[in-house]
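Here's the structure we're looking at; comments come further down.
The values are calculated or read from the model by the stated rules, or taken from the named source; none is laboratory data. Just so you know, these numbers come straight off a predicted model, no measurement behind them. Neighbour counts are summed over all protein chains in view; Cβ atoms, including those assigned to glycine, are modelled from backbone coordinates with ideal geometry. What goes into the accessible areas is simple: the full protein's heavy atoms, side chains included, and nothing from ligands, DNA or RNA. Shrake-Rupley method; radii C 1.70, N 1.55, O 1.52, S 1.80 Å.
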Amino acid sequence: MLNEQTVRSLEAQAKSLRMDILKMLHASQSGHTGGSLSAIDIMTALYFHHMRHDAQRPDWPERDRFVLSKGHAAPALYACLAAAGYFPAEDLATLRRLGSHLQGHPDMKKTPGVDVCTGSLGQGLSQAVGLALAARLGGGRHRVYALLGDGELQEGQIWEAVMAAAHYGLDNLCVIVDHNRLQIDGFIEQVMNVTPVGDKFAAFNWHVLEIDGHDMAAICRGLAEAEAPERPTVLVAHTVKGKGVSIFENKAKYHGVAPSDEELRFALQTLGA
Amino acid sequence: MSAMIATRDAYGQALVELGRSDSRIVALDADLSGSTKTAQFAKEFPDRFFNAGIAEANMVGMAAGLAAGGMIPFASTFAVFAAGRAFEQIRQSVAYPRLNVKIVATHGGITVGEDGGSHQSVEDLAIMRALPNMTVLCPADGPETAAAIRAAAAFDGPVFVRLGRGKVPVIFAEACPFAIGRGVTLRAGGDLTFMGTGLMTAAALAAAASLAGEGIDARVLHFGTIKPLDRDLVLQAGRETGAVVTAEEHSIIGGLGSAVCEVLAEGCPVPVERIGMPDVFGQSGPADALLEHYGLTSTHLVAAARRVLGRKG
């Protein structure tokens, strides 16, 4: 099912989305570069390979749901939604502008294709648990995907939700942790250590898979294997903050800083524009 | 002597009845279902009841997700935890996206009693009133609570309902209507107006009856909706009676008294006395003794009426 050609095509898509992300961040001169680039390979696999969704029907009840719990990676989400056809690509240049439907953090009431409002870290997983419960109650076969930051795991509410997802045996819920090891103030191990991530989820009786979050084939395989009877699954995706452009990689500085003119030129060159 | 019913008991019963007629109704609790009375719903609809355990933040987040998935969740815990601990979840996950979540907070105010100040919410109405997209209800008795719960279920959007622990006198008739955003005139009168909410409306009625014996004709308005406040009813009373006493089992900061003063100051400045908790936390004690201690009785309302009449121009 997963052939070489599909993987290559998804990799090309991710490269193109990286450029979209950087261009929109450059246009707004505000937003989160590092965490958008670390998450984009995972989100490419979700939106262009794995999830059941339809840009022509953003409110399709049977669509798989996506919760960007690390809401500051909104540029990555907007790039995916525009490329999937939820809204015109020209809108991306309006990111964070007054009156734009592309808010600084995802807004379900403004942007077609956004399933929940996120941005305040720690809250998305609880909403994903609620969506998974609603799917079960409604008899739907759709699944719920939630992308979490690793720094976000410092929020206590995450573990309340982790406990609840296992308690309710939510096998229709899949969490992906974008484990890029950096938060605003520095390396997670130094600010407040949340590692080992997988062991913590395992202790709460989750099905745990560890993957390279930039290996497209591994991401797709992980998503396909992310089903276990009566248990939620977590993919601990090992990633690099700022992935794809050397000047942004592994630098906490680019958590919340948009590229300058020169940085954008360099980035687009690197990515092969 | 009128019948006495706890508003939380009326909630538990109303929720079960709603559950029977609408399969989208689901209930959540945070290990207090016996106290908030969602246990009745849990018993009849175990598949539609979700206990979050002692984790209010996650309970509200789950409710948001359930609403985003098409359900009509009622999430309950004590007012102090709902509006306090889970405040930011209500803000970000419920009010900001205007999701169809009902937060029904029981044990509001000082009549929680013996558990003490740590468990007596005197600020929940103020907190919730400040949130955009939030509707805030505070019914007076059992029948009005049942009607308010039905109205909240029928309303598409976030609603915070504040209920109490103890039994309170029945004022409204069974199957009374409840219109969100509308106050109710319980007694006509032209000399001054009592404006009450929650259990203090019963005290306002008692105070008005007492004043009538002295020839003072007090109007009594009840506001089962704190937000959006019935501005027209407030302004009409201000114009026609020229003096107002507000009464609430809540801090005088940010609740009904504040809301009324905001409306009157802008539209019809008249003397106002606010009866409520005077910017202090409560303490342990029997509910009645606490109401007496903090000045939340009909006797105190009568005294406030005299003060406000003395200030009337």
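Restricting attention to the stretch A:138-172, the residues being free of Cβ contacts under 8 Å to residues at least 60 places away in the same chain, open to solvent by less than 10 Å² (accessible area, probe 1.4 Å) and not in a helix (DSSP H, G or I) number 1.
Screening B:L28, B:L32, B:L66 for residues that are touching a residue at least 40 places away in the same chain (Cβ under 8 Å), under 22 Å from the mean Cα position of the chain (by Cα) and within 12 Å of chain A (Cβ to nearest Cβ) leaves exactly one candidate, B:L28.
Beta carbons closer than 6 Å, at least 6 apart along the sequence or on distinct chains, pair a first residue in the stretch B:271-291 that is farther than 30 Å from B:T241 by Cα and touching a residue at least 60 places away in the same chain (Cβ under 8 Å) with a second that is open to solvent by 60 Å² or more (accessible area, probe 1.4 Å) and of a type outside the set (K, R) for B:S284/B:E114. Condition (residue is surrounded by 24 or more Cβ atoms within 10 Å (Cβ to Cβ) and either under 15 Å from the mean Cα position of the chain (by Cα) or within 14 Å of chain B (Cβ to nearest Cβ) (or both)) applied to the stretch A:84-103: is it met by at least one residue? So far as the stretch A:84-103 goes, no, none of its residues is surrounded by 24 or more Cβ atoms within 10 Å (Cβ to Cβ) and either under 15 Å from the mean Cα position of the chain (by Cα) or within 14 Å of chain B (Cβ to nearest Cβ) (or both).
Within the stretch A:17-38, the residues that satisfy the criterion of being crowded, with 24+ Cβ neighbours inside 10 Å and either of a type in the set (A, V, I, L, M) or in a helix (DSSP H, G or I) (or both) are A:L17, A:R18, A:I21, A:L22, A:M24, A:L25, A:G34, A:G35, A:S36, A:L37, A:S38.
Only helices (runs of 4 or more DSSP H) whose full extent lies in the stretch A:173-273 are considered here, and the ones with at least 2 residues that are open to solvent by less than 30 Å² (accessible area, probe 1.4 Å), in contact (Cβ under 8 Å) with a residue 12 or more places away in the chain and within 20 Å of A:A146 (Cβ to Cβ) are A:197-203, A:216-225.
In this structure, is A:L46 within 30 Å of A:Q154 (Cα to Cα) and touching a helix residue (DSSP H, G or I) at 6+ places or on another chain (Cβ under 9 Å)? Against the criterion (within 30 Å of A:Q154 (Cα to Cα) and touching a helix residue (DSSP H, G or I) at 6+ places or on another chain (Cβ under 9 Å)), A:L46 qualifies. State whether the residues of the stretch A:87-109 include one that is more than 27 Å from A:K241 (Cα to Cα) and touching a strand residue (DSSP E or B) at 6+ places or on another chain (Cβ under 6 Å). Looking for residues that are more than 27 Å from A:K241 (Cα to Cα) and touching a strand residue (DSSP E or B) at 6+ places or on another chain (Cβ under 6 Å), one finds none in the stretch A:87-109, hence no. For the stretch A:252-271, a residue qualifies if it is touching a Leu at 6+ places or on another chain (Cβ under 8 Å) and closer than 30 Å to A:V194 by Cα, and the qualifying residues are A:A252, A:H255, A:A258, A:P259. Just to check your reading of the model, which residue among B:G215, B:G189 is assigned by TED's automatic domain parsing to the domain that holds B:G242, touching a Ser or Thr at 6+ places or on another chain (Cβ under 8 Å) and surrounded by fewer than 22 Cβ atoms within 10 Å (Cβ to Cβ)? Going through B:G215, B:G189 in turn, the sole match is B:G189. Residues that are under 15 Å from B:F81 (Cβ atoms), assigned by TED's automatic domain parsing to the domain that holds B:A30 and either in contact with a Cys (Cβ under 6 Å, 6 or more places away or on another chain) or open to solvent by less than 10 Å² (accessible area, probe 1.4 Å) (or both) are absent from the stretch B:130-145. The sole residue among B:L235, B:L229 that is touching a helix residue (DSSP H, G or I) at 6+ places or on another chain (Cβ under 7 Å), open to solvent by 10 Å² or more (accessible area, probe 1.4 Å) and in a helix (DSSP H, G or I) is B:L235.
Of all residues in the stretch A:110-137, those being in a loop (DSSP other than H, G, I, E, B) and within 15 Å of B:R91 (Cβ to Cβ) number 8. Taking the conditions exactly as written (within 11 Å of another protein chain (Cβ to nearest Cβ) and either more than 14 Å from the chain's Cα centre (by Cα) or touching a residue at least 24 places away in the same chain (Cβ under 8 Å) (or both)), does B:Q120 satisfy them or not? Here the answer is no, as B:Q120 does not meet what is asked. The residue that is most open to solvent (accessible area, probe 1.4 Å), counting only those in the stretch B:238-271 that are farther than 19 Å from B:L137 by Cβ, in a helix (DSSP H, G or I) and among the hydrophobic types (A, V, I, L, M, F, W, C), is B:A265. B:A153 meets all of the listed conditions (1) in contact with a Lys or Arg (Cβ under 9 Å, 6 or more places away or on another chain); (2) assigned to a loop (DSSP other than H, G, I, E, B); (3) touching a residue at least 60 places away in the same chain (Cβ under 8 Å); (4) not acidic (D, E) but one, namely (2). Listed here are the strands (runs of 3 or more DSSP E) enclosed by the stretch B:42-114 that have at least 1 residues being of a type outside the set (A, V, I, L, M, F, W, C) and open to solvent by less than 30 Å² (accessible area, probe 1.4 Å): B:72-78, B:102-106. Report yes if B:A39 is crowded, with 24+ Cβ neighbours inside 10 Å, assigned by TED's automatic domain parsing to the domain that holds B:A152 and among the aliphatic types (A, V, I, L, M), otherwise no. For B:A39, the condition - crowded, with 24+ Cβ neighbours inside 10 Å, assigned by TED's automatic domain parsing to the domain that holds B:A152 and among the aliphatic types (A, V, I, L, M) - is not met. The residues of the stretch A:125-137 that are open to solvent by 10 Å² or more (accessible area, probe 1.4 Å) and facing another protein chain (nearest Cβ under 7 Å) amount to a single one, A:L137.
Within the stretch B:221-237, residues that are modelled with pLDDT of 95 or more have Cβ atoms under 7 Å from residues that are among the acidic types (D, E) and assigned to a helix (DSSP H, G or I) in these pairs: B:G224/B:E144, counting only partners at least 6 apart in sequence or on another chain. Of the numbered criteria (1) at positive phi; (2) open to solvent by 10 Å² or more (accessible area, probe 1.4 Å); (3) within 12 Å of chain B (Cβ to nearest Cβ), the one A:G122 fails is (2).
For the stretch A:54-82, residues that are of a type outside the set (K, R) and open to solvent by 50 Å² or more (accessible area, probe 1.4 Å) total 5. Restricting the stretch B:1-16 to residues that are open to solvent by 50 Å² or more (accessible area, probe 1.4 Å) and touching a residue at least 12 places away in the same chain (Cβ under 8 Å), the residue that is farthest from B:N100 (Cα to Cα) is B:S2. Which residue out of B:A79, B:A52, B:A105, B:A14 is within 11 Å of chain A (Cβ to nearest Cβ) and not polar (S, T, N, Q)? Within the list B:A79, B:A52, B:A105, B:A14, the selection yields B:A52. I'd like to check something: does the stretch A:148-164 contain any residue that is in contact with a Lys or Arg (Cβ under 9 Å, 6 or more places away or on another chain), under 18 Å from A:L68 (Cα atoms), of a type outside the set (D, E, K, R) and at the interface with chain B (Cβ under 10 Å from one of its Cβ atoms)? Scanning the stretch A:148-164, I find at least one residue that is in contact with a Lys or Arg (Cβ under 9 Å, 6 or more places away or on another chain), under 18 Å from A:L68 (Cα atoms), of a type outside the set (D, E, K, R) and at the interface with chain B (Cβ under 10 Å from one of its Cβ atoms), so the answer is yes.
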